Amino acid sequence: QERLAESGGGLAQPGGSLRLSCAASGILANFYDMAWYRQTPGKQRDMVALIASNGRIDYADIVKGRFTISRDNVKNTVHLQMNSLNPEDTAVYYCNAKYSHYEYWGQGTQVTVSS
């Protein structure tokens, strides 16, 4: 069964770092466009970073220069390294996998940035 499992969320101080991981099972993540989205209460879910199956990488303007998305094809995992965190980065972060009409979401992991 297809599953995306996020981990690595938690509490960080402003200026700090966190590394999120998305472990895929039931799919070969390297064939999928893999992305991280985030959502705060009452707002839409927005794309934060994407790594396409062809290697193309894209970031939301608000995280450029601070976040880095990467793949580990051996472990079938995608990571999101988040640096220079600020309170506005507080959200539930979701992993997404998309290939043709197939699309899967993880359950989300909470990231809270607060002093």
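The values are calculated or read from the model by the stated rules, or taken from the named source; none is laboratory data. Just so you know, these numbers come straight off a predicted model, no measurement behind them. Cβ placement follows ideal geometry from the backbone for every residue including glycine, while neighbour counts extend to all protein chains displayed. Just so you know, the surface numbers come from the protein's heavy atoms only, side chains and all, with ligands and any DNA or RNA stripped out. Shrake-Rupley method; radii C 1.70, N 1.55, O 1.52, S 1.80 Å.
When the distances between all Cα atoms of the range 15-54 are binned every 10 Å from zero, what whole-number percent does each bin get?
All Cα pairs considered, the percentages come to 23, 44, 29, 4.
Give me the net charge of Tyr102's neighbourhood, meaning all other residues with Cβ under 12 Å from the Cβ of Tyr102; Lys, Arg count +1, Asp, Glu -1. Could you put the intermediate results ahead of the total?
Details: positive: Lys98; negative: Glu2, Asp33, Glu103.
For residues surrounding Tyr102, the net value is -2.
Could you check which residue among Asn73, Asn96, Asn83 shows the biggest mean-square fluctuation in a GNM of the chain with a 10 Å Cα cutoff?
Asn73
Suppose every K and R has +1 on its Cβ and every D and E has -1 on its Cβ; what is the size of the dipole of the chain about the Cα centre, in Debye to the nearest 20? Intermediate results must be reported in sequence, preceding the final value.
Numbers: 11 positive and 10 negative charges, 22 e Å.
Approximately 100 debye in magnitude.
With a cut-off of 8 Å between alpha carbons and a minimum separation of six or more residues, what is the relative contact order of the range 1-111 in percent?
Values: 259 pairs, mean separation 39.2, N = 111.
Normalised by residue count, the contact order of the range 1-111 is 35 percent.
For Lys43, Lys98, give the ranking by accessible area with the largest first, probe 1.4 Å. Let's see the in-between values first.
Numbers: Lys43 135, Lys98 100 Å².
From most exposed to least exposed: Lys43, Lys98.
Over the alpha-carbon set of the chain, divide Rg by the Kirkwood Rh and report the Rg/Rh ratio to two decimals. Before the final figure, lay out each step's value.
Details: Rg = 13.3 Å, Rh = 14.0 Å.
Reported Rg/Rh (Cα atoms, Kirkwood Rh): 0.95.
I'd like the Karplus ³J(HN,Hα) series for the range 93-99: coefficients 6.51, -1.76, 1.60, θ = phi - 60°, whole numbers in Hz, and an x wherever there's a Gly or Pro.
My calculation for the range 93-99 gives 9, 10, 8, 9, 10, 9, 8 Hz in order.
Rolling a 1.4 angstrom probe over the protein chains, ignoring ligands and nucleic acids, what is the accessible area of Leu28 in square angstrom, nearest 10?
Ignoring ligands and nucleic acids, Leu28 comes out at about 100 Å².
Quick one: what are the phi-derived ³J(HN,Hα) couplings along the range 21-32, Karplus 6.51/-1.76/1.60 with θ = phi - 60°, whole Hz, x for glycine and proline?
10, 10, 8, 9, 9, x, 9, 9, 4, 5, 8, 9
If you put +1 on each Lys and Arg Cβ and -1 on each Asp and Glu Cβ, how big is the dipole of the range 1-58 around its Cα centre, in Debye rounded to 20?
Details: 6 positive and 5 negative charges, 27 e Å.
Using only the charged Cβ atoms, the result is roughly 140 debye.
Would you list which lysines come within 24 Å of Lys64, measuring only between C-alpha atoms, while excluding same-chain residues fewer than 8 positions from it?
The reachable lysines, counting only those whose Cα sits under 24 Å from Lys64, are Lys43, Lys98.
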